Each structure stands twice: as structure tokens, then as C-alpha cells.
């Protein structure tokens with residue numbers, strides 16, 4: 001039995017990149033992976049501030065121009081970093097995929113930030129003990145500040161004892 005067949009059925013999508021890679025490079029159809037692999041190619045810092053828009057292929061599918069939308073503050077820096085970015089892209093693909101960048105200033109969609117977990121709250125017993133300790137404090141502003149601090153410390157202590 002064939003060794004590939006012995007592994008069991010495989011998804012077509014898992015094999016298409018390997019099977020069509022040489023043909024796509026020859027014909028210049030690597031554009032889709034420029035968009036999907038952008039963060040891996042240029043790094044997280046640059047990919048958060050710029051996105052590829054389109055690729056205009058050069059003659060024979062090599063040495064094209066990559067149009068990139070970039071936020072205003074990064075435009076000048078990316079203009080200076082163009083040789084390094086072009087080198088990264090070409091190094092990623094293993095051939096001269098692009099020759100230059102064309103920058104377009106404009107807003108880009110910000111990536112979603114992870115949501116913070118809600119802060120744990122102090123137990124009722126801790127709050128009662130805190131109130132008992134704060135009865136001697138006469139200044140209302142100081143009492144309120146100490147109450148917030150005490151609740152925060154008690155909540156943190158409660159969180160660590162649950163873990």
C-alpha cells in the first residue's frame with residue numbers, strides 16, 4: 001500500500017499549497033498569500049500600522065509593485081524602511097516577487113484588543129471588617145480613598161486564595 005494512502009484521507013486544502021506552489025510562483029499568483037501572511041512577513045509592529053492593498057505584477061510575474069495602505073505617522077518611516085520590507089517579502093517567497101512599494105496614506109482597521117476580565121470583588125466579610133477599621137477616619141475624602149484601596153487589596157487577596 002502507498003505510504004501516503006496509509007496515513008488516511010487528507011483534506012484537499014492541506015495539500016493545495018504544496019501541489020501548486022511552483023505553478024503559482026511561475027505565474028505570479030502568490031498575491032493571496034501576501035495578504036494572508038502579511039503579519040508573518042513584516043512583523044507584528046508594522047502589520048498593525050499598514051496593510052497590503054493590491055499587487056501589480058511586473059513583466060513575467062516578477063518585480064511587481066505592492067500597494068500598501070499605511071497610517072499617517074508610519075508613512076515616512078516605512079518609506080525609509082522600503083528596501084528592508086521588499087527584501088523581507090522577496091526572502092519570504094524565495095524569488096523577486098516585488099521590486100517596490102507604493103504607499104497610500106489612510107486609516108486601517110485596528111485589530112481587536114483582547115477583553116479584560118472583570119476585576120474580582122472583595123467578600124462581604126472583608127468589606128465589613130474594612131468599614132469597621134475606617135470608622136476612626138474623620139475626613140470623608142480620605143475615608144473614601146482608603147475604602148477603595150482596602151477593597152482592591154481584599155479583592156486581590158481573594159483572587160489569589162481561589163487560584
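The values are calculated or read from the model by the stated rules, or taken from the named source; none is laboratory data. Quick caveat: nothing in here was measured; it's all calculated off a predicted structure. Positions of Cβ are generated from backbone atoms using ideal geometry, with glycine treated the same way; all protein chains shown enter the neighbour counts.
The single condition among (1) at pLDDT below 90; (2) within 23 Å of the chain's Cα centre (by Cα) that residue 70 does not meet is (1). The residues on offer are 41, 108, 89, and the sole one that is at pLDDT below 85 and either assigned to a helix (DSSP H, G or I) or touching a strand residue (DSSP E or B) at 6+ places or on another chain (Cβ under 8 Å) (or both) is 108. Residue 128 meets the conditions (1) modelled with pLDDT of 85 or more; (2) on the phi > 0 side of the Ramachandran plot in every case but one. The failed one is (2).
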